[in-house]
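Let me begin by presenting the structure, written as structure tokens, before commenting on it.
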Amino acid sequence: MEQEEVTASAVGRRVACDGERATVRYVGPIPPTAGLWLGVEWDHPSRGKHDGSHDGVQYFTCRHQHGGSFVRPAKVSFGVDYVTAVRQEYKTNADFPSEANSTIEWRIKERRCEACHCWFICLSPTIFIEMKWRPSWSSVNTSLVLLHCRVFYCAQVLECAPMWPQLEELDLLNNNITELPDGVLQSLKSLTLSGNPLVHHTVNTLASLCRLETLDLSKTGLSNLQFEDTRPGCQTSMFPALTDLNLNNNNISQWCVVDELAKLPSLVKLHCFRNQLVSYDQNPSTTNQLIIARLEKLEFLNRTEISPEIRRGAELDYIKMFGEEWLKAGGRSQISGEFILQHPRFLSLINKYGAPEEGELKKWKPPTLKNLLISKEPIKKQLPVTMEVRMVKVLLHRLLKVPLHDLRLTYISSKVSGTEFHLDRDMKTLHFYSVEDGDQVVVRWP
């Protein structure tokens, strides 16, 4: 956009300037200087100089006290249109149809891109494009994919929502989303949020998406899910159409989370690989059995179909595993409320199969102290700095036979004596904590 083309209509536009992104908040003169100025609010407030005022005159306002600047129009870029950007990137002069009846899918692999009232989609390190809303988009947008954008904030999702009244599939893999919008995108049937650092309680803001069938929450750092509108053993009104849920690569360690999933009325497919759920015998197969037994309607677990035989075996074993605890809690005559909270399905399974006989009960004996003792000599293992903390715990779990959720890790730097640094973020790598050759990882458990 040339300088003479800049008018008051540019307010609200997105711009790039010296490698930074900003929003235009003011267009006009700044006395006593001559010429046209743009007042911009930077995405990163540290780039700014003031709050939109100059010599006591407030030209625009910012969310942050020092998030604004005045720049000349020639210093900023308003981007190029979509077709031009594609032609430049792929070096083609092919014609593009003005309308499309098929699904539009943008696959963005570069890390530097923006989405807001106008779309800035990075196709290369030097090109970004601007997409303005058009009424015709309402008939063509059913699928949208934005990958590795890193700066795709929730507020920008909300601003873009009117552009996608018929959007059914939205993929936001590996962005910077921490909180989720509420009450928008009601047409969604599939939503991918994998790789976003979600704040746990915000997941329920999606519960109003009454058409949502598939939800991917893998690699989001989740450790808990709660549907507090109903008690254990009952169905929630949240996520009424959700059939397929992906929770792979998270920090779920409590069985009460699985019981919460049992409240979902339509859930039949669950992906739960690489979490921290541990059975009494620390056997992954037993862990899967417990999940199947607790989720009555589940048909697929980790992409494996649950046959009637597998379900029957899992449910019978579940009764045997916790039968002794059930008897101690009162049995049929006077079962305690605490036991029901911990095992919401147990009574229905007793009614289905009958109470276990004394000889059928599985009694678990914890490892003896002798078996838990290890040498005072350090265990020497070479670990790549790209290894995530959670995978270090998995390795230690296999070596020490200690439940994953009990492991507490710190490390001692060879360069800083007498100080231990906590490794308390499971999804972060050892490199993130500056672990180097010669450092020692210290393991503790109850």
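Read-outs throughout are calculated quantities, based only on the coordinates presented, and are distinct from any laboratory measurement. Since the model is a prediction, treat every value here as computed from it, not as a measurement. For neighbour counting, all protein chains shown are included, and Cβ atoms are generated from backbone atoms with ideal geometry for every residue, glycine included.
For Val27, the amide hydrogen comes within under 5 Å of the amide hydrogens of Gly39, counting only partners 5 or more places away or on other chains and with H modelled in the peptide plane.
Any of Lys393/Lys428; Lys320/Lys352; Lys297/Lys328; Lys380/Lys401 with alpha carbons more than 20 Å apart? Name them for me. Write down the numbers at each step before the final one.
Values: Lys393/Lys428 12 Å; Lys320/Lys352 14 Å; Lys297/Lys328 29 Å; Lys380/Lys401 17 Å.
Too far apart for the 20 Å limit: Lys297/Lys328.
Amide H contacts of Ser266: Leu242, each under 5 Å away and 5 or more positions distant or on a separate chain (H built 1.01 Å from N in the peptide plane; Pro and chain starts excluded). Using only alpha-carbon positions in the stretch 154-266, the gyration tensor eigenvalues give semi-axes of 22, 17, 12 Å once each is multiplied by 5 and square-rooted (largest first).
Tally Lys/Arg at +1 and Asp/Glu at -1 over every other residue whose Cβ is under 9 Å from the Cβ of Lys415; what's the total?
Here the count lands on -2.
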